[in-house]
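Undergrad: The structure's right below; bear with me while I get my questions together.
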Amino acid sequence: MSTNKLWGGRFEASGSQAIDQFGASISFDQLMAQEDLEGSLAHVQMLKDTEIIPTDDADQIIAGLHRLQKQLAAGKLHFTSTNEDIHMNLEAILTEEIGPVAGKLHTARSRNDQVATDFHLYLKKRLPLIIQTLKDFQTVLVQKAEQNVETIMPGYTHLQHAQPISYGHYLMAYFYMLQRDVERFEFNQQHTNLSPLGAAALAGTTFPIDRQQTAVTLGFAQPYPNSLDAVSDRDFALEFLSNAAILMVHLSRMCEEVILWSTYEFNYLELSDQYSTGSSIMPQKKNPDMAELIRGKSGRVFGNLMGLLTVMKSLPLAYNKDMQEDKEGTFDTVKTIIPCLKIMTGMIKTATVKTANMEKATTKDLSNATELADYLAVKGLPFRQAHAIVGQLVLEGIKTGVTLQQIPLTKYQEIMPEIGADVYQDLQAKTAVERRQSLGGTSFEQVRQQIQNAKTILQKD
């Protein structure tokens, strides 16, 4: 029995339907149909300009590809697993549309450089959207920070009260995390902006093609300088998945805090009804499901990165069928991180900040212990000795329920006569925040400087 596959000349028999379905990638790589048509149009125009195929043939192919683009936009193209992948499906459809001349489209081209080109184009188009979505979230963080420069809250280490900070300072920490994400995705564009087209299967081609022309036509910065690397490189996808995984770490960390802070026990934030859900049995519930989902979706993005790292590990040059597994995880990650960013943006923008509860949490705790140690050090006591003294006062306060602000001045002066009534001013949370004027600190002045710097970054971008 012969085979009717486009590659089937040396085969006498076809695989079973199960084999066809197992080997086919059309179920997911059809997402690159537009990119495949764009690559084909650039390729056939180059074949025409270099006179590798006759002008009339090239014009027929170009006209046919344009018709396929319109049909694709109208949702009228239908693909089958019999034709395995998007490339062979479109070639088969083009052959039905214009006849055997469609076969000349594949001159000086392999599916190896074709799929690599499609994949580059797919990610190249989506990186600017991801970067803009990140910047939209950054803009909301800056706006929210500007509204809360003087909102006092406990700062945490080990999830224990550490020192009082500005809530605006907290929000700006995430702005700068996201700025590193932006910069990573921007750098990712450099390696996505290379054209594999014309590398053919692995060794280039004997035809006098013009790889610079196709690269320019498709908007790439330049062609890959090595044909083996061109068809086997997936670093650009690994970079993307790594960047996406780091981004999801940042979103997940913030979601964890949103979840905690919207609990009855913390009550620092209240999420809007738009970004919350209820319970089917408990009428009082208001669940932070969107934050939990984003936190959970970090797992699938991490998995997609590990999946492709494992696929590429130990693969010999050049193309191997294993590399068909490169796309689903990448497509899924694009489909995951953009909605996560959009949901985060809306969730933080519409959340109500319980400023009174945040500040109250700093008035009856011991997060001002460092302020007292610093005060004693300014009065001349070595900091280590001051640290030990304050530690003893804290221990006593924990046992008796007395805060540092409630200790009588006479007792302070027993420890060190130089202590004056001004110590109580230093122990106030607002004072503690305002005094941290070091570069990048939590003082109101420094937070406003961070916000101004952030606005400059966003305007520049």
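Undergrad: Looking at the structure I just gave you, is residue 327 out of contact with any strand residue (DSSP E or B) (no Cβ under 8 Å at 6 or more places or on another chain), surrounded by fewer than 16 Cβ atoms within 10 Å (Cβ to Cβ), over 26 Å from residue 173 (Cα atoms) and basic (Lys, Arg)?
TA: Against the criterion (out of contact with any strand residue (DSSP E or B) (no Cβ under 8 Å at 6 or more places or on another chain), surrounded by fewer than 16 Cβ atoms within 10 Å (Cβ to Cβ), over 26 Å from residue 173 (Cα atoms) and basic (Lys, Arg)), residue 327 does not qualify.
Undergrad: Is there a residue being in contact (Cβ under 8 Å) with a residue 24 or more places away in the chain, assigned to a helix (DSSP H, G or I) and among the basic types (Lys, Arg) anywhere in segment 226-243?
TA: No, the conditions are met nowhere in segment 226-243.
Undergrad: Criterion first (crowded, with 17+ Cβ neighbours inside 10 Å, at pLDDT 90 or above and either farther than 11 Å from residue 150 by Cα or not assigned by TED's automatic domain parsing to the domain that holds residue 164 (or both)) does residue 432 satisfy it?
TA: yes
Undergrad: Still on this structure, I have one more. Return the residue satisfying two criteria in turn: it lies in segment 263-276 and is assigned to a loop (DSSP other than H, G, I, E, B) and within 25 Å of the chain's Cα centre (by Cα), and of such residues it is surrounded by the most Cβ atoms within 10 Å (Cβ to Cβ).
TA: Looking at the filtered set, the residue picked out is 271.
Undergrad: Next up: Looking at 62, 98, 53, which one is touching a residue at least 40 places away in the same chain (Cβ under 8 Å), surrounded by fewer than 21 Cβ atoms within 10 Å (Cβ to Cβ) and not assigned by TED's automatic domain parsing to the domain that holds residue 209?
TA: Criteria check complete, one pass: 53.
Undergrad: Does residue 176 satisfy the condition of being among the hydroxyl-bearing types (Ser, Thr, Tyr), surrounded by fewer than 21 Cβ atoms within 10 Å (Cβ to Cβ) and within 18 Å of residue 341 (Cα to Cα)?
TA: Spelling it out, residue 176 is indeed among the hydroxyl-bearing types (Ser, Thr, Tyr), surrounded by fewer than 21 Cβ atoms within 10 Å (Cβ to Cβ) and within 18 Å of residue 341 (Cα to Cα).
Undergrad: Which residues, taken from segment 277-311, are of a type in the set (Ser, Thr, Tyr) and either assigned to a helix (DSSP H, G or I) or at pLDDT 95 or above (or both)?
TA: Answer for segment 277-311, where residues must be of a type in the set (Ser, Thr, Tyr) and either assigned to a helix (DSSP H, G or I) or at pLDDT 95 or above (or both): 298, 310.
Undergrad: In segment 21-47, what residues are over 26 Å from the mean Cα position of the chain (by Cα) and in a loop (DSSP other than H, G, I, E, B)?
TA: Of everything in segment 21-47, just one residue is over 26 Å from the mean Cα position of the chain (by Cα) and in a loop (DSSP other than H, G, I, E, B), namely 24.
Undergrad: Is segment 110-126 home to any residue that is among the small types (Gly, Ala, Ser), assigned to a helix (DSSP H, G or I) and crowded, with 16+ Cβ neighbours inside 10 Å?
TA: Checking segment 110-126: at least one residue is among the small types (Gly, Ala, Ser), assigned to a helix (DSSP H, G or I) and crowded, with 16+ Cβ neighbours inside 10 Å.
The values are calculated or read from the model by the stated rules, or taken from the named source; none is laboratory data. Note that the structure is a prediction, hence the values are computed from the model and not measured. Virtual Cβ from ideal backbone geometry, glycine too; neighbours counted across all protein chains shown.
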